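See below for the structure under consideration.
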Amino acid sequence: MNRYIRFDWAAKNMLRNKADYVIFEGLISALVGESVTIVELLESESNQGSKEDKYNRVDIKAKNSLGEIILVEIQQTRELDYLQRMLYGVAKTITEHIGKGQPYSEVKKVFSINILYFRLGEGTDYLYHGQADLRGVHTNDKLLLTEHEREDLKIVPPEKVFPEYFVIRVDNFNQLAETPLEEWMRYLKDEYIRPDTTVPGLKEARERLEYMRMTPEQQRAYDNYLDTLVRDTDVMNTQLLEARIEGLKKGRAEGIEEGRAEGLAEGLAEGALKEKRENARKMKEKGLPTALITEITGLSEEEMAML
């Protein structure tokens, strides 16, 4: 099996650039069942207020477009008080993100996502989700806001206030990966991502992890190729623009301008293809995976076989 770098290591050591937000957004969106946009990664893990702070490790701490806080913690070894740890982490986050004297309306909802590589409890599922649910002790009816409270007073309903907890028991995932969430679970457990995946975040993670698996020499070759690709594209666009301007200057005789543009485009396209094949051949000599080369250059496997 073609395995990638484990997500727990990647989350702490490499996925920290703004360009990587899409990876975290994909995982979180698959869990909550709706599109999530991350606007910033907040300080975490080493930002405890003092040496006595008990909650000094969060692998991902993010804020979404609604201002809600998302905590993602990846735990490898068993902790007997892990449930209390989850609660403390959420409570601490809430108090950290509301200033002294601010109204309670500024309290932001917190999502606590816990990816566990040890067995917790006796359940058979791999994903557990919960949120405070206020129900009548005698009638079991759910406490809901009235229309007046919702529409006129703009009171926020409980589900938009109370924290949500997700517990992912990675080792309990034993099924085919058919949904986006299941594909993410396959990566979390087996470090495997399908080459043809279309799951948001996983495609970007695969490309990023492919790069991290390259040798320094292969990374330099890849970076040089990207630089060349950008430069060649700029040159081609400039030449096409100059050709169009020159054609307009020389006259508008029917068919002449179109023929010049098409001829130049064909010549440039042929040159670009030649350059692309030459770069692919160099990357192949450097030992880059064929699948990655075809993905970068757009060449088919048949074309690669002819190089």
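Can you spot a residue in region 137-151 that is more than 21 Å from residue 37 (Cα to Cα) and touching a residue at least 24 places away in the same chain (Cβ under 8 Å)?
no
Residues to consider are 192, 187; find the one that is hydroxyl-bearing (Ser, Thr, Tyr) and crowded, with 19+ Cβ neighbours inside 10 Å.
Criteria check complete, one pass: 187.
Would you say residue 160 is open to solvent by 100 Å² or more (accessible area, probe 1.4 Å), of a type in the set (Lys, Arg), out of contact with any Ser or Thr (no Cβ under 8 Å at 6 or more places or on another chain) and touching a residue at least 40 places away in the same chain (Cβ under 8 Å)?
Yes; evaluated as a whole, the condition is true for this residue.
Considering only region 143-153, I want to know if a residue exists there that is farther than 30 Å from residue 103 by Cβ and either surrounded by fewer than 17 Cβ atoms within 10 Å (Cβ to Cβ) or hydrophobic (A, V, I, L, M, F, W, C) (or both).
Among the residues of region 143-153, not one is farther than 30 Å from residue 103 by Cβ and either surrounded by fewer than 17 Cβ atoms within 10 Å (Cβ to Cβ) or hydrophobic (A, V, I, L, M, F, W, C) (or both), which makes the answer no.
Kindly indicate which of 197, 146, 139 is at pLDDT 95 or above and either touching a Lys or Arg at 6+ places or on another chain (Cβ under 7 Å) or farther than 30 Å from residue 292 by Cβ (or both).
139
For residue 77, only one of the following conditions fails: (1) part of a strand (DSSP E or B); (2) of a type in the set (Val, Ile, Thr); (3) at pLDDT below 90. What is its number?
Going through (1) part of a strand (DSSP E or B); (2) of a type in the set (Val, Ile, Thr); (3) at pLDDT below 90 one by one, residue 77 breaks only (1).
Does region 17-27 contain any residue that is under 22 Å from residue 107 (Cβ atoms) and either modelled with pLDDT of 70 or more or exposed (fewer than 13 other Cβ atoms within 10 Å of the Cβ) (or both)?
No; the residues of region 17-27 include none that is under 22 Å from residue 107 (Cβ atoms) and either modelled with pLDDT of 70 or more or exposed (fewer than 13 other Cβ atoms within 10 Å of the Cβ) (or both).
Which members of region 88-111 meet the condition of being of a type in the set (Val, Ile, Thr) and not in a helix (DSSP H, G or I)?
Keep residues of region 88-111 that are of a type in the set (Val, Ile, Thr), which gives 90, 93-95, 98, 107, 110.
98, 107, 110, listed by residue number.
Out of all the residues in region 164-182, which are touching a helix residue (DSSP H, G or I) at 6+ places or on another chain (Cβ under 6 Å) and either open to solvent by 30 Å² or more (accessible area, probe 1.4 Å) or outside any loop (DSSP other than H, G, I, E, B) (or both)?
Selection gives 166, 170, 180, 181.
Failed condition for residue 52, given (1) at pLDDT below 70; (2) within 15 Å of residue 73 (Cβ to Cβ), with all others met?
(2)
Consider residue 67 against the criteria (1) over 23 Å from residue 26 (Cβ atoms); (2) touching a strand residue (DSSP E or B) at 6+ places or on another chain (Cβ under 9 Å); (3) assigned to a loop (DSSP other than H, G, I, E, B): it satisfies all of them except one. Which criterion is unmet?
(1)
Restricting the search to region 80-93, which residues are more than 27 Å from the chain's Cα centre (by Cα) and at pLDDT 90 or above?
Listed by number, the list holds a single entry, 84.
The values are calculated or read from the model by the stated rules, or taken from the named source; none is laboratory data. Since the structure is predicted, the reported quantities are computational estimates derived from the model, not experimental observations. Cβ sites come from the backbone with ideal geometry, for glycine too, and all protein chains shown count toward neighbours. SASA here: full protein model, heavy atoms, side chains in, ligands and nucleic acids out. Shrake-Rupley method; radii C 1.70, N 1.55, O 1.52, S 1.80 Å.
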